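Participant: Provided herewith is a single structure, encoded as structure tokens, for subsequent inquiry.
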Amino acid sequence: MKLTLKIWRQDAPGDKGKIVGYQVDDADEDMSFLELLDVLNEKLILSGDEPVAFDHDCREGICGSCSMVINGEPHGPQKATTACQLHLRHFRDGETIFVEPWRAAAFPVVKDLIVDRSAFDRVIQAGGFISAPTGSAPDAHATPVPKPNSERAFTAAACIGCGACVAACPNGSASLFLGAKITHLGELPQGQPERDSRVVRMVEQHDAEGFGGCTNTGACTVSCPKEIPLDVISQLNRDYLHATTGSRRSA
């Protein structure tokens, strides 16, 4: 395959960036998108040019590091797929592909395609801890969890914190990410003691980091590689309302 890559290049935070074009003539349809960037970088290094900086780690769709916008879509055109799991067979021979970093005020560009996503870490840290008895391991099934609750907790826990929801949102909101974390613990008995204080602290940190507000466009869940459902935002809003008004939670 022959592909033309139009890639955002930016030397450092605050520098003016630009789109730079590159030609890759020996791509293979079985390559992942990150392998395509590896091939390009090898050519750039051999020619004495600066390689394209991009974030990656596991390359198995788990860590959420491969944050990039491909042809205007976070992680690219393949639904429920991270950039590292996106293969070139989803592109046409001779196609021009635009590659850019996440675009959000809370995710400043560090270099080229790498952004600083530490705002997510601080939101998680604001959530604090859960209270759990210490001592020997509890007996199996000592704390029963209804199956619907456990399944919903598992669904929310699938969030890998990649930031695609923020990149897709026209407001730069992280409400899907935040809702997933709130729902994950909110559905489990272990998350109940700090449930109210957790949601208040995490929402406050979310806003302090410069993320925008949610207007329910749904672009976040469409772009999410783990298909986190939009209704976790509803649970986030319910928990926040309960915590800030003292209303009685329905059974």
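The values are calculated or read from the model by the stated rules, or taken from the named source; none is laboratory data. Here the structure is a predicted model, which means the values were calculated and not measured. When we count neighbours, we look across all protein chains shown, and the Cβ atoms used for this are built from the backbone with ideal geometry, even at glycine. In case anyone asks, the SASA skips ligands and DNA or RNA and just uses the protein heavy atoms, side chains included. Shrake-Rupley method; radii C 1.70, N 1.55, O 1.52, S 1.80 Å.
Participant: Go through 23, 7, 65 and say which Cα lies farthest out towards the positive end of the charge dipole of the chain; charges sit on Cβ, +1 for Lys and Arg, -1 for Asp and Glu.
Facilitator: Checked the options; the winner is 65.
Participant: Then there is this: Can you list the HN-Hα couplings for segment 9-23, worked out from phi with the Karplus curve (6.51, -1.76, 1.60; θ = phi - 60°), rounded to whole Hz and with x for Gly and Pro?
Facilitator: For segment 9-23, the Karplus-derived couplings read 10, 8, 5, 7, x, x, 6, 7, x, 7, 8, 10, x, 9, 10 Hz, x marking Gly and Pro.
Participant: At R0 = 25 Å, how high is the FRET efficiency between residue 19 and residue 73 if r is their beta carbon distance? Nearest 0.05 is fine.
Facilitator: 0.90
Participant: With only alpha-carbon pairs counted, each pair once and no self-pairs, how large is the Kirkwood hydrodynamic radius of segment 32-93 in angstroms?
Facilitator: Details: mean 1/r = 0.0816 Å⁻¹.
Answer for segment 32-93: a Kirkwood hydrodynamic radius of 12.3 Å.
Participant: Just to confirm a number: summing +1 for Lys and Arg and -1 for Asp and Glu over residues other than residue 172 whose beta-carbon lies under 11 angstrom from that of residue 172, what do you get?
Facilitator: Working: positive: 103; negative: 209.
After counting each charged neighbour, the total is 0.
Participant: Separation of segment 50-75 and segment 86-115 by C-alpha centroid, Å?
Facilitator: 7
Participant: Grab every C-alpha pair in segment 86-185, bin the distances at 5 angstrom width from 0 up to the longest one, and report whole percents.
Facilitator: 2, 10, 14, 16, 15, 13, 10, 7, 6, 4, 2, 1, 0
Participant: Output wanted: per-residue J couplings in Hz (rounded whole) for segment 27-43, from phi through Karplus 6.51 cos²θ - 1.76 cosθ + 1.60, θ = phi - 60°, x for Gly and Pro.
Facilitator: So the Karplus estimates, Gly and Pro as x, are 6, 10, 5, 8, 6, 7, 5, 5, 5, 4, 5, 4, 4, 4, 5, 4, 5 Hz.
Participant: Here is a further query. Considering only protein heavy atoms and a probe of 1.4 Å, how much of the accessible area of segment 1-160 is carbon and sulfur, as a whole percent?
Facilitator: Values: 4460 of 8720 Å².
Its accessible area is 51 percent carbon and sulfur atoms.
Participant: Top to bottom by accessible area (1.4 Å), largest first, where do 136, 32 land?
Facilitator: Working: 136 105, 32 10 Å².
Largest accessible area first, the residues go 136, 32.
Participant: In whole Hz, what ³J(HN,Hα) sequence does segment 113-121 give by Karplus (6.51, -1.76, 1.60; θ = phi - 60°), x for Gly and Pro?
Facilitator: Along segment 113-121, the couplings run 9, 8, 10, 8, 9, 5, 4, 4, 4 Hz.
Participant: Cysteines of the chain lacking any other cysteine beta carbon under 4.7 Å?
Facilitator: So far as the 4.7 Å Cβ criterion goes, 159, 162, 169, 214, 224 stand without a partner in the chain.
Participant: While we're looking at this one, here's another question. Whose amide H sits under 5 Å from the amide H of residue 102, counting only residues 5 or more places off or on another chain, with H placed in the peptide plane?
Facilitator: Here the answer is 69, since their amide H atoms fall under 5 Å of that of residue 102.
Participant: I want to check a number: in the chain, how many lysine pairs have alpha carbons closer than 25 Å, given a sequence separation of 8 or more or different chains?
Facilitator: Close lysine pairs under the 25 Å cut-off: 18.
Participant: Still on this structure: So if I place +1 on the C-beta of Lys and Arg and -1 on the C-beta of Asp and Glu, and nothing else carries charge, what would the dipole magnitude of the chain be about its Cα centre? I want it in debye, nearest 20.
Facilitator: In debye, rounded to 20, the chain gives about 1040.
Participant: Taking 0.36 nm per residue of separation and subtracting the Cα-Cα distance, what length does fully extending residue 222 through residue 89 add?
Facilitator: Details: separation 133, 0.36 × 133 = 47.88 nm, distance 2.14 nm.
Gain on stretching residue 222 to residue 89: 45.7 nm.
Participant: Per residue, how many Å² of accessible area does segment 1-77 show with a 1.4 Å probe?
Facilitator: Averaged over the residues of segment 1-77, the accessible area is 51 Å².
Participant: Where does the longest stretch of the chain lie that holds no trypsin sites (Lys or Arg not before Pro) found in a DSSP loop with 16 or fewer other Cβ atoms within 10 Å?
Facilitator: 104-247
Participant: Which listed residue (199, 172, 220) has the Cα farthest towards the positive end of the charge dipole for segment 156-251, taking +1 on Lys and Arg C-beta and -1 on Asp and Glu C-beta about the Cα centre?
Facilitator: Of the candidates, 199 comes out farthest on the positive side.
Participant: Loop only per DSSP, at most 14 neighbouring Cβ atoms within 10 Å: give me the GluC sites (Glu not before Pro) in segment 18-75, ordered by residue number.
Facilitator: On the way: sites: 29, 35, 42, 60; in loops: 29, 60.
Those that pass, being in a loop and sparsely packed, are 29, 60.
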